[in-house]
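Heads up, the thing below is written out as structure tokens.
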Amino acid sequence: MKRFLVRPRTKMDLSRQNPRDTGPFNGGKKEGLAQLARVTEELVELQRLLYAEHGPRLLVVLQAMDTAGKDGTIRHVFGPLNPQGVQVRSFKKPTPRELDHDYLWRVHPFVPGRGEITIFNRSHYEDVLVVRVHGLVPEEVWRRRYRHIVEFERLLTDEGTTILKFFLHISKEEQKERLEARLADPTKSWKFSNADLAERQLWPDYMTAYEEVLNRTSARLAPWYVIPSDRKWFRNLAVATIVRDTLQSMKLHYPEPDEDLDGIVVE
Ligand code: AMP
Ligand code: MG
């Protein structure tokens, strides 16, 4: 999965990343789903440890174009975990009260606490993505934000939070099919919004904005991964595997009991 990592200070060209890539899984979906089941079991165990240790924290940021599968990733990858230790926070269009503050004001209260995994469905990155593409603030204002974001995330990692950031990368053709599916299927049409079509027209601008995000804000302790997402099973497997590997590298352990348990008898 290291091939999907955006190495800090490298130049990311999204047009050279294949959204249909399925990594080493030439066997395809069946093999991929079997592997996902194995990784999920390990993830569940690792989360138990994280929760029990009540020390380290994990923040997972999901960013993507519409229909790329932020919701599906949350359901499939994080759904099996103990909900007591997982929080999901979705960031929508800011409210008037949120707009009365700096753009990180609405974000900071929702970062994970000890032992928790928090998933951001969209995030502070919208403030250099949609805000940039639509010119919602002047360029000199959004330009400064890369620095704030790197520093904000540095604060979090310095204080014991591990951060993983995923860009779920779909092709424009795949998005067309998924939008058409939303239009055709009454169980999906609630997700369709005319605004998605307007955003789709701005695809090249979004790719430029995403490339700058990836180039400027991938850090050793808060890395970006570009996940090929045209194949949903591979997207889920890739995210699950990277989260598993990251939790493993955190060297978690169950805390020692408060007292010496030797000789204690439960009547
Ligand atoms: P959805 O994720 O489909 O529910 O849509 C949420 C919408 O909120 C998307 O169109 C985002 O671009 C928009 N959004 C999220 N954060 C911001 C922000 N900081 N400024 C403007 N729009 C935002
Ligand atoms: Mg939407």
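The values are calculated or read from the model by the stated rules, or taken from the named source; none is laboratory data. As the structure is a computational prediction, the values presented were derived from the model and not from experiment. Cβ: placed from backbone, ideal geometry, glycine included. Neighbour counts: every protein chain shown. We work out accessible area using only protein heavy atoms, side chains counted, and drop any ligands, DNA or RNA first. Shrake-Rupley method; radii C 1.70, N 1.55, O 1.52, S 1.80 Å.
For the range 1-50, state which trypsin sites (Lys or Arg not before Pro) are in a DSSP loop and have at most 16 other beta carbons lying within 10 Å of their beta carbon.
Passing both the DSSP loop test and the Cβ count: R9, K11, R20.
For the chain, count all C-alpha to C-alpha pairs, find those more than 26 Å apart, and express that count as a whole percent of the total.
44 percent
If I model a spin label at L99 and E173 as a point 7 Å from the Cα along the Cα→Cβ vector, what separation in nanometres do I get?
Reported label-point gap for L99 and E173 is 3.9 nm.
Compute log10 of I(q)/I(0) for the range 80-222 with the Debye formula, placing one identical point scatterer on every Cα and leaving out solvent, at q = 0.12, 0.14, 0.18 Å⁻¹, to two decimals.
-0.60, -0.82, -1.26
Work out how far the C-alpha atoms of the range 146-195 reach from end to end along every principal axis, then list the three figures in whole Å, largest first.
Largest first, the range 146-195 extends 48, 21, 19 Å along its Cα principal axes.
Of all accessible surface on the chain at a 1.4 Å probe, what whole percent is carbon and sulfur?
That share works out to 51 percent.
Treating the Cα atoms of the range 117-167 as identical point scatterers in vacuum, please give the log10 of the normalised Debye intensity I(q)/I(0) at q = 0.13, 0.19, 0.24, 0.25 Å⁻¹, two decimals.
-0.36, -0.71, -0.97, -1.01
I need to check one value: relative contact order of the range 47-187, counting alpha carbon pairs closer than 8 Å and at least 6 residues apart, in percent.
The value is 41 percent.
Given springs between every Cα pair under 10 Å in a Gaussian network model of the chain, which of L136, L58, L81 has the largest fluctuation?
L136
Can you pull out the GluC sites (Glu not before Pro) in the range 157-244 whose DSSP state is coil and whose Cβ has at most 12 other Cβ atoms within 10 Å?
E159
Rolling a 1.4 Å sphere over the protein heavy atoms, what is the accessible area per residue of the range 7-81, to the nearest Å²?
Dividing the accessible area of the range 7-81 by its residue count gives 53 Å².
Got the relative contact order for the range 1-116 handy, in percent, Cα pairs under 8 Å and 6 or more residues apart?
34 percent
Can you list the lysines whose alpha carbon sits under 30 Å from that of K176, skipping same-chain ones fewer than 8 residues off?
K2, K11, K29, K30, K70, K92, K93, K165, K188, K191, K232
Order of 184-194, 243-253 by packing, highest average Cβ count within 10 Å first?
Result, highest mean first: 243-253, 184-194.
If you find the alpha carbon centre of the range 208-222 and of the range 117-167, how far apart are they in angstrom?
Rounded to whole Å, the Cα centres lie 9 Å apart.
Normalised by the residues of the chain, what does the relative contact order come to in percent, with Cα pairs under 8 Å and at least six apart?
With pairs under 8 Å counted, the relative contact order is 36 percent.
With a cap of 12 neighbouring Cβ atoms within 10 Å, and only residues DSSP puts in a loop, list the trypsin sites (Lys or Arg not before Pro) found in the range 55-119.
K92
Can I get the semi-axes of the range 23-145's equivalent ellipsoid? Compute them from the C-alpha gyration tensor as square roots of 5 times the eigenvalues, in angstrom, largest first.
32, 21, 11
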